[in-house]
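One structure below.
The values are calculated or read from the model by the stated rules, or taken from the named source; none is laboratory data. Source: prediction; values computed, not measured. Glycine also receives a Cβ, built like all others from the backbone with ideal geometry; neighbour counts cover every protein chain displayed.
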Amino acid sequence: MVWQEITARRRPGTVYATFCLFYLTLLNQSITIDESAEAALVAAARKELAYLEQFGQPLLPFRRERRDGYQYREQSPSAHIENLKRYLLIASSLVPRDPALGHFCIRHPDLQQSNIVVRRSSDSGWQVVSLLDWQHASILPPFLLAGIPQCLQNHDDPVL
């Protein structure tokens, strides 16, 4: 499928989604929800590996503070490709053996009062009608959705 065919079928406001579809079609990657936790771990690495092998070229480090460490020279993607291949070798050992941690669930990362729409119900008081602000939601196994516990986070640390 070519770019013109994909863009002809898109709805207004879906430029990013259209680009992603074009990108995945270009790399012959299937667009499916992963059926296992291991598949979820390796899918992104395989897509990035396919992209780098086809289009990778030397670039400066993305973070400016690292450029000095590389003497302001462009870095070949070969080291990143090698690291992705190593990751794919160990990915299966990163999946917990407990089946309760392997099912997929959805996580709303910004669940707060302003994102919950409620209405007064005639018999039970209040009823949740909908949840808003889903743009950063994830559908992953629980062991990948877990974040840093609030009791361990300290957002008041000074930046050094």
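I'm told residue 133 meets every condition in (1) within 23 Å of the chain's Cα centre (by Cα); (2) surrounded by fewer than 13 Cβ atoms within 10 Å (Cβ to Cβ); (3) more than 18 Å from residue 41 (Cβ to Cβ) except one. Can you identify the failing condition by its number? Only one criterion in (1) within 23 Å of the chain's Cα centre (by Cα); (2) surrounded by fewer than 13 Cβ atoms within 10 Å (Cβ to Cβ); (3) more than 18 Å from residue 41 (Cβ to Cβ) is unmet by residue 133, namely (2).
For region 29-54, taking the residues that are at pLDDT below 70 and surrounded by fewer than 14 Cβ atoms within 10 Å (Cβ to Cβ), the one that is farthest from the chain's Cα centre (by Cα) is identified as 30.
Filtering region 85-113 to residues that are touching a residue at least 12 places away in the same chain (Cβ under 8 Å) and either among the aliphatic types (A, V, I, L, M) or assigned to a helix (DSSP H, G or I) (or both) leaves 85, 87, 88, 91, 92, 94, 95, 100, 101, 106, 111.
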